[in-house]
Amino acid sequence: MLLSLTGEATCPRCKIEAAQPGPLSQVETKEPRTFDRVGLQEASSGTFSRPAVSNLAETPGLEPGASGPAKGGSMKLRRESLVLFILVLGHSLAAAAPVLAYPISPQPLWKLTGESELVVVAEVQEIRRIPFKEKMNGEEWEGERTVAVLRILESWKGNENGTIEVPYPAGLSCPAPPVYIEGETVLAFLEWAEKGWGGGGATGWSTVGLSYGTLYPSRDELSDFREMVRKAVALQAKGRVPGMALVDWLAEAAARPGTRWHGLYALVPGSDEIRSYYDRSGTKALNRKLTPAHLERIARGFIASPSVDVTLPMALAVLSDYRSKEVDEAAVSAMEGLYGQTRLPYWTLDSLRGVLRRFEGKGTDKRLARLEAIYEKTYEVDEDEVREVWRVARRELSLPKVVPARAPERKVWGVGETTPD
């Protein structure tokens, strides 16, 4: 969360008293303002609040209803908790960045690639913090400018090689900043900026899409990204891209485990309830343009690698009318993998609904009625009850016995599809 220079919270969804103690109170001082710009190393699962108004009702095969992690055996969606979570991570205001205090619209891969001048796989060699002083709005500011030093390993778009420096707003809290971690390999989407982020308005490379523009895919996922970025670059270089060429690209991205969120979000944005709430880009769902061949491709990808992450309810939304015993089994496998986790994430209820509807249709609404009613009143779902509903449904519906799918390992949270709201 950033404050305006008057100290007033500018995000209508994340209200904080300007008098709150800590780094934010520095905006009230008349002395030169000092900010300790620290890098965001990791974002834990945190807690998420459900938007008061959702566009899920407009998405075929999906209705409103989400849940979030909590303490004491229940999943709570509390924006106040998320605000505190973001503040702890951010530590301080971004000294000379533009005053932004609202999450940006989601930036899936097609958009990131199109807006980038340089797309690289790089080793983060060093994080430098360079002191600066400057005047802004007639007042003196001082702080640290944060710069990531990247050694380029692969260049997928653009012609840079060797080592580059990327200033970035490490202390930014809301919207979520880019994440550069010393010693890690990052997939970075960059543009040349005359006045880049990070104190002093330095000219140089700047990260496209903030937290969406720094990704940390696994080795297997990296091959998916490499293929899809290169295909996107080739298509976008032609100028206007025919609608079905884009749908073809999205379907392939959705079928690949590494890029699944990036394809599915453009197809059914409302199926990612948290991030789509902040989408002000006018993104239109494209799932109605999917052909049977597209659905078959997405289904095959889901069967080969069932989702045990935020893309599970998204994949179930796209495949809601696709009848396949193998997809049914993959969906149950994903749920078994999800229920094997110690804490259930906020999208568990959406996933449960999507899976059970494949076996009992509208009967799922009655089965989940009590959970939904509790949630509508309290924004809380009791984990024990959610687990019991699954146990009973398994028995009553004779769900197939399958090996639980494994959740993907994430080195870095708070980027891409795990960007906090």
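The values are calculated or read from the model by the stated rules, or taken from the named source; none is laboratory data. Everything quoted here is computed from the prediction, not taken from an experiment. As a convention, Cβ positions derive from the backbone with ideal geometry for all residues, glycine included, and neighbour counts pool all protein chains shown.
Does the range 326-372 hold any residues that are in a helix (DSSP H, G or I) and without any contact (Cβ under 8 Å) to a residue 24 or more places away in the chain, and which are they?
Passing the criteria: Gly363, Thr364, Asp365, Lys366, Ala369, Arg370, Leu371.
Among Ala405, Ala393, which is touching a Gly at 6+ places or on another chain (Cβ under 9 Å), on the phi < 0 side of the Ramachandran plot and either modelled with pLDDT of 95 or more or in a helix (DSSP H, G or I) (or both)?
Being touching a Gly at 6+ places or on another chain (Cβ under 9 Å), on the phi < 0 side of the Ramachandran plot and either modelled with pLDDT of 95 or more or in a helix (DSSP H, G or I) (or both) holds for just one of Ala405, Ala393, which is Ala405.
Which residues, taken from the range 141-155, are modelled with pLDDT of 85 or more and surrounded by fewer than 20 Cβ atoms within 10 Å (Cβ to Cβ)?
If the condition is that a residue be modelled with pLDDT of 85 or more and surrounded by fewer than 20 Cβ atoms within 10 Å (Cβ to Cβ), then Val149, Arg151, Ile152, Leu153, Glu154, Ser155 are the ones that fit.
Could you list all residues from the range 373-390 that are free of Cβ contacts under 8 Å to residues at least 60 places away in the same chain and in contact with a helix residue (DSSP H, G or I) (Cβ under 9 Å, 6 or more places away or on another chain)?
Ile374, Glu385, Arg387, Val389, Trp390
Looking at the range 140-161, I want the residues that are within 15 Å of Trp205 (Cβ to Cβ) and among the small types (Gly, Ala, Ser) and have a partner that is surrounded by 17 or more Cβ atoms within 10 Å (Cβ to Cβ) and modelled with pLDDT under 95 with Cβ atoms under 7 Å, at least 6 apart or on another chain. Which pairs are those?
Ala148/Tyr168
List pairs: first in the range 290-307 and more than 18 Å from Glu409 (Cα to Cα) and polar (S, T, N, Q), second surrounded by 18 or more Cβ atoms within 10 Å (Cβ to Cβ) and modelled with pLDDT under 95, Cβ under 6 Å, 6+ apart or cross-chain?
Going by the 6 Å Cβ cut-off, there are no qualifying pairs.
Considering each residue of the range 251-268, count those that are at pLDDT 95 or above and not in a loop (DSSP other than H, G, I, E, B), and give that number.
12
Hey, can you tell me all the residues within the range 334-388 that are among the β-branched types (Val, Ile, Thr), farther than 18 Å from Thr311 by Cβ and either surrounded by fewer than 14 Cβ atoms within 10 Å (Cβ to Cβ) or touching a strand residue (DSSP E or B) at 6+ places or on another chain (Cβ under 9 Å) (or both)?
Correct list: Thr342, Ile374, Thr378, Val381, Val386.
Could you run through the range 346-370 and say how many residues are small (Gly, Ala, Ser) and over 17 Å from Leu312 (Cα atoms)?
Count: 3.
Let's see how each residue does on (1) over 23 Å from the mean Cα position of the chain (by Cα); (2) closer than 30 Å to Pro175 by Cα:
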{"position": "Tyr322", "(1), (2)": "yes, no"}
{"position": "Ala330", "(1), (2)": "yes, no"}
{"position": "Ser333", "(1), (2)": "yes, no"}
{"position": "Arg353", "(1), (2)": "no, no"}
{"position": "Ile374", "(1), (2)": "yes, no"}
{"position": "Glu388", "(1), (2)": "yes, no"}
{"position": "Ser398", "(1), (2)": "yes, no"}
{"position": "Lys401", "(1), (2)": "yes, no"}
{"position": "Gly414", "(1), (2)": "no, yes"}
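If you check Ser307 against the conditions, is it among the hydroxyl-bearing types (Ser, Thr, Tyr), part of a loop (DSSP other than H, G, I, E, B) and crowded, with 22+ Cβ neighbours inside 10 Å?
Yes, satisfied.
Filter the range 241-276 down to the residues that are under 25 Å from Ile104 (Cα atoms) and basic (Lys, Arg) and list them by number.
Selection gives Arg260, Arg275.
For the range 271-289, give me each residue that is in contact with a helix residue (DSSP H, G or I) (Cβ under 7 Å, 6 or more places away or on another chain) and surrounded by fewer than 21 Cβ atoms within 10 Å (Cβ to Cβ).
Asp279, Thr283, Ala285, Leu286, Lys289
Taking the stated definitions as given, is Val241 of a type in the set (A, V, I, L, M, F, W, C) and crowded, with 21+ Cβ neighbours inside 10 Å?
Against the criterion (of a type in the set (A, V, I, L, M, F, W, C) and crowded, with 21+ Cβ neighbours inside 10 Å), Val241 does not qualify.
When you scan the range 116-145, how many residues do you find that are assigned to a strand (DSSP E or B) and more than 23 Å from the chain's Cα centre (by Cα)?
Count: 19.
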